[in-house]
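The values are calculated or read from the model by the stated rules, or taken from the named source; none is laboratory data. As the structure is a computational prediction, the values presented were derived from the model and not from experiment. For neighbour counting, all protein chains shown are included, and Cβ atoms are generated from backbone atoms with ideal geometry for every residue, glycine included. Surface accessibility is based on the protein's heavy atoms, side chains included, excluding ligands, DNA and RNA. Shrake-Rupley method; radii C 1.70, N 1.55, O 1.52, S 1.80 Å.
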Amino acid sequence: MSDLPPLLSHFDDMVDHCYDYAEAAKSAGKPVVGMMCEYTPREIILAAGAIPVCLCGGSAERIPAAEKTLPANLCPLIKSTFGYHVEKRNPFLEWADLVVAETTCDGKKKMFELMAQSRPMYVLHLPHRPDRSASLELWKSEMHRLMAELERRFATTVTEERLRSAVRLMNQERRLRRELAELMKADNPPLTGRQLLDLKSLISGIPEDLAQYQRILDAARSSPRQRNGHRVRVCLTGVPLPHGAERVMDIIESQGGLVVCQENCTGLKPILEDVDEQAPDLLDALARKYFATPCSVLSPNDGRLDSLRSLCRDFRADCVIELIWQACLTYDVEAHRVRELCETGLHLPYLGIQTDYSPSDSARIAVRVEALFESILAKREKMSAG
Ligand code: SF4
Ligand code: SF4
């Protein structure tokens, strides 16, 4: 009997744990800082004595309220996040002493302007050319500005010692989550993609979460394997799947797939790189780590293709499925290069799925995924027979 299920269930109540943690922190006088993207350096927020909370919306129910202000033809992640804002339904956003946002995609940037009309907000200027050294310099100066802003707002000093200890904590969290993700490299992985996706927290650096990651790793390494070996191994790429927006992952796995790796911001993308703990200039090290995130808002974004190449190889993907939220132009246009890489570079079948948070197209998506898996399994059978 596997020890895993009771250990995994700790994360079923992840939002409640985060609520209790943030409420206790607020009562103890600690500020809460909301985050909107994986470019935000959590280490600087932690070193300023604040609690970093992810505010990305994954609920379809919040979208109608957002559409009273925002255009309907906008990414559901942006609309859901904004819906929580107008309906005041996200307790973490209501607690936030500051929201840190950044200049990523156009929809988010313009939504932030509206949100900033009634919330304290600080917007980091993310340069979009990763191939220019001036971009890294600018991003580094943004790290300095963010630190100064937090020090000013929260009347604190981010000492080198506090920053180094936050770097160590976040490296530890990334390492544990990376090791959990690497369990999926096995022929017969102990987790499903959905179980792995759920091993995360809205708040970074909670000691109990880190301890639980370690317990799960220990149990998974010694547990009898689940019967996942026969499934079609999928590399899922594209947009993130925030809490509540896991529908496509569930469809893939209900059709006989196993998402063995996620090249996206709720998967491996933000945790592949660590921050150099020994670096003499920690803000420089933080700038380098975060600027290496290969998001489609960068141009060119060759780093994403390099990452996909190595992830598909290391996790032995049978196919690549790309999820694109409706009206996400950057991922949608970049999909052409991803398809090309899969079909002609990696010789892997590729399926693009464009959808939003509404379940109305679930049956149609399931049919397309089923057809993809059938062709892969038929090929597998033919090869083993011949
Ligand atoms: S996909 Fe890009 S914009 Fe979205 S969270 Fe990730 S880095 Fe930020
Ligand atoms: S999914 Fe695309 S459109 Fe939506 S917030 Fe992320 S980058 Fe912007």
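Considering all different alpha carbon pairs of the range 244-288, the Kirkwood hydrodynamic radius works out to 13.2 Å. Fully extending the segment from Glu179 to Ser118 would add 17.9 nm, taking 0.36 nm per residue of separation and subtracting the current Cα-Cα distance. Helix 160-182: angle to the longest alpha-carbon principal axis of the chain, degrees 0 to 90, nearest 10? Helix 160-182 and the main axis of the chain meet at about 10 degrees. Using only the C-alpha atoms, the convex hull of the chain corresponds to 138 Å³ per residue. Computed from Cα atoms, the angle from the helix 329-340 axis to the main principal axis of the chain rounds to 40 degrees. D for the range 256-386, whole µm²/s, Stokes-Einstein with Kirkwood Rh over alpha-carbon pairs at 25 °C and 0.890 mPa s: what number? For the chosen part, D equals 147 µm²/s. Under the criterion of Cα pairs below 8 Å and six or more residues apart, the relative contact order for the range 65-151 equals 22 percent.
Once the Kirkwood radius over Cα pairs is known for the range 71-217, the Stokes-Einstein relation at 25 °C and 0.890 mPa s delivers a diffusion coefficient of 133 µm²/s.
Stretching the chain fully between Ala378 and Asp3 yields a gain of 131.5 nm (0.36 nm per residue, less the alpha carbon separation).
Cα-Cα over 20 Å: which of Lys140/Lys200; Lys68/Lys88; Lys26/Lys269; Lys110/Lys269? Table pairs above 20 Å Cα-Cα are Lys140/Lys200; Lys26/Lys269; Lys110/Lys269. The reciprocal of the average 1/r between distinct C-alpha atoms defines the Kirkwood hydrodynamic radius, which for the range 172-274 equals 14.0 Å. A quarter of the convex hull surface defined by the alpha-carbon atoms of the range 337-386 gives 4.5 nm² as the mean projection.
Residues in the range 201-280 average 35 Å² of solvent-accessible surface per residue, probe 1.4 Å, ligands and nucleic acids excluded. Hey, what's the Kirkwood Rh for the range 1-134 if you take every pair of different alpha carbons, in angstrom? Over the range 1-134, the inverse of the mean reciprocal pair distance is 16.3 Å.
Using the alpha carbons alone, the radius of gyration of the range 287-345 stands to its Kirkwood radius in an Rg to Rh ratio of 0.97.
Principal-axis analysis of the Cα atoms of the chain puts helix 14-27 at an angle of about 10° to the longest axis.
Here the Gaussian network model covers the chain, with springs between Cα atoms less than 10 Å apart; of Arg215, Arg174, Arg132, Arg132 fluctuates the most. Comparing Ala25, Ala96, Ala166 in a Gaussian network model of the chain, where Cα atoms under 10 Å apart are tied by springs, the biggest mean-square fluctuation is seen for Ala25.
Adding -39500 (n - 2.57) for every DSSP H run of four residues or longer, then dividing by how many residues the chain holds, sets the calculated 222 nm ellipticity at -15000 deg cm²/dmol. If I build a Gaussian network model for the chain, linking alpha-carbon pairs within less than 10 angstrom, which residue out of Ile376, Ile252, Ile78 has the largest mean-square fluctuation? The residue with the greatest mean-square fluctuation here is Ile376.
For the range 82-134, the carbon plus sulfur part of the accessible surface works out to 48%, probe radius 1.4 Å.
Paramagnetic label reach from Arg313 (point 7 Å along Cα→Cβ; backbone nitrogen cut-off under 12 Å): within the range 327-346, residues 346.
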